[in-house]
Amino acid sequence: MKSPRIRVLLVDDHFMVRLGLVSAISRERDMEVVGEASTGAQALKMDQAMTPDVILMDGRLPDIHGVEVTRRIIAARPDARVLIVSIDETAEDVHRGMEAGAMGYLPKASERGEILRAIRTVAAGGQFLSAEFRRKLAERNVLVSLSNRELDVLKLVSQGKTNKAIAAELGMGDATVKTHLSHILWKLGAPDRTRAVTIAMERGLFRL
């Protein structure tokens, strides 16, 4: 049985940028572009109508900042997966994007291969940040302590429980669990949930 393609929504106000991304993505057998938006308002409407697997979000849009658009999308659809691609690359920019709920952040100068890897990683539920961006976040000292609820989720992850099992045990929805995990990953600078558990234990946040 053929695996479903990763459905991507492109959000960028520059036609040529979108054209290049469409060209790059359309050549991949496992992904397709299902929509293009040139403004934040369009992106919000198209996300609700299409529920794409991944939203490739420009950091600078003519009407609403890409980070704010990301925040609104996540608020309306907590399981949405946003990958920000921007020319704004300071630690503060990356921090704001991840805090808004993005699952990845890339510079606009990224090579085609890196963008495609990022899309696949985010579509699979992982976080994508370059080593440079992880370093910038660490230098900014944004890796703050986890909330009690986030610790509850991570402890259950360490026990090998699935998102569905965690949701049932903590009395929350699956989408809420995914949101907590996304926040845990960026706070700890972890690429995946297994590494997040290891980092948390190394810092003494909890013990098995």
Rounded to the nearest 0.05, what FRET efficiency do residue 99 and residue 169 give with R0 = 25 Å and r taken as the Cβ-Cβ distance? Could you check?
0.40
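Rank these for me by crowding, 115, 84, going from fewest to most other beta carbons within 10 Å.
Fewest-to-most Cβ neighbours within 10 Å comes out as 115, 84.
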Modelling each spin label as a point 7 Å along the Cα-to-Cβ direction, I'd like the residue 149/residue 45 distance in nm, to one decimal.
3.2 nm
By counting other Cβ atoms within 10 Å of each Cβ, how are 7, 112 ranked from fewest to most?
112, 7
Please work out the ratio of the alpha-carbon Rg of segment 148-202 to 2.2 N^0.38 Å and round it to two decimals.
1.00
Correct option for Cα extents along the principal axes in Å [calculated from the coordinates] among (i) 51, 43, 29; (ii) 55, 45, 34; (iii) 61, 35, 34
(i)
I'd like the orientation of helix 193-202 relative to the chain: the angle between its Cα long axis and the longest Cα principal axis, in ° from 0 to 90, rounded to 10.
40 degrees
Taking the Cα centre of the chain as origin, work out the dipole magnitude from +1 charges on Lys and Arg Cβ and -1 charges on Asp and Glu Cβ, in debye rounded to 20.
640 debye
Selected from 42, 19, 115, residue furthest toward positive end of dipole (segment 6-140; charges at beta carbon)
115
Using 0.36 nm per residue, how much length does the chain from residue 108 to residue 202 gain when fully extended, once their Cα-Cα distance is taken away?
30.4 nm
Cα-based Rg of segment 38-150 per 2.2 N^0.38 Å, rounded to two decimals?
1.02
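Kindly put 70, 198 in sequence by how many other C-beta atoms sit within 10 Å of each C-beta, fewest to most.
198, 70
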Given points 7 Å out from each Cα along the Cα-Cβ axis, report the residue 138 to residue 32 separation in nanometres with one decimal.
4.1 nm
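None of the figures in this text is laboratory data; all of them are computed from the coordinates on show. Note that the structure is predicted; figures quoted are calculated from it, not measured. Note that we place each Cβ from the backbone using ideal geometry, even for glycine, and neighbour counts take in every protein chain shown.
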